[in-house]
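A short worksheet on the structure shown next.
What follows is calculated from the coordinates using simple rules that are stated; it is not laboratory data. Model, not experiment: these values are computed from the prediction. Neighbour counts are summed over all protein chains in view; Cβ atoms, including those assigned to glycine, are modelled from backbone coordinates with ideal geometry.
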Amino acid sequence: MTFPVRPAAPFRDAHRRFLPRCRRDATPFDAPAFLAVGLIVAMFLVFRQPYVLPPAVRLSLPRAPFTGAAAYDARVLLADAAGSFYFADRRFTSLAPLADALAEAAAAAAASRETPPPLLIEADRSLPLSLLASLHTAAREAGWTDISFAVAP
């Protein structure tokens, strides 16, 4: 059995024109592109909001004179855990000579000024409270009126 031979197709049939069956809608915007731009704008607005933490904290503190600490010209009395006291570049091992030195310094300060300078008692953290109380009492009896405490680490 023989099949009929078809003649060769002319050249114009080789380039067909395909007509699409599904055409895109002719809308003014493309949905994925519009969604991407919308997400970028939303992220920009979210990251500009105040609930996103800034790298620093802005404080507005009230203005008031600072009167809570000892003044710069305060005399310092150091007390360490071993029971030694240091005042006016001298070392004391008992309260009696320290009380005398405190009275001399208070009298000298009162002679040169209207009010004696403040006294800052710096104590070791392990110093007993009774010793701090006796230091405070000795300073009061010596004539110091402005006494502050500080704890050394």
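What the table shows:
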| read-out | value |
| --- | --- |
| Rounded to whole Hz, the Karplus (6.51, -1.76, 1.60) HN-Hα couplings of region 126-142, x for glycine and proline | 8, 5, x, 5, 5, 5, 5, 5, 5, 5, 4, 5, 5, 5, 5, 5, 7 |
| Ala82 paired with Leu132, simple spin-label distance in nm, labels 7 Å along Cα-to-beta-carbon | 2.2 nm |
| Theoretical gain in end-to-end length, Arg90 to Ala107 [0.36 nm per residue, Cα-Cα removed] | 4.4 nm |
| Amide H contacts under 5 Å for Asp146, placed H, 5+ residues apart | Leu119 |
| Region 75-152: mean projected area of Cα convex hull, nm² | 4.5 nm² |
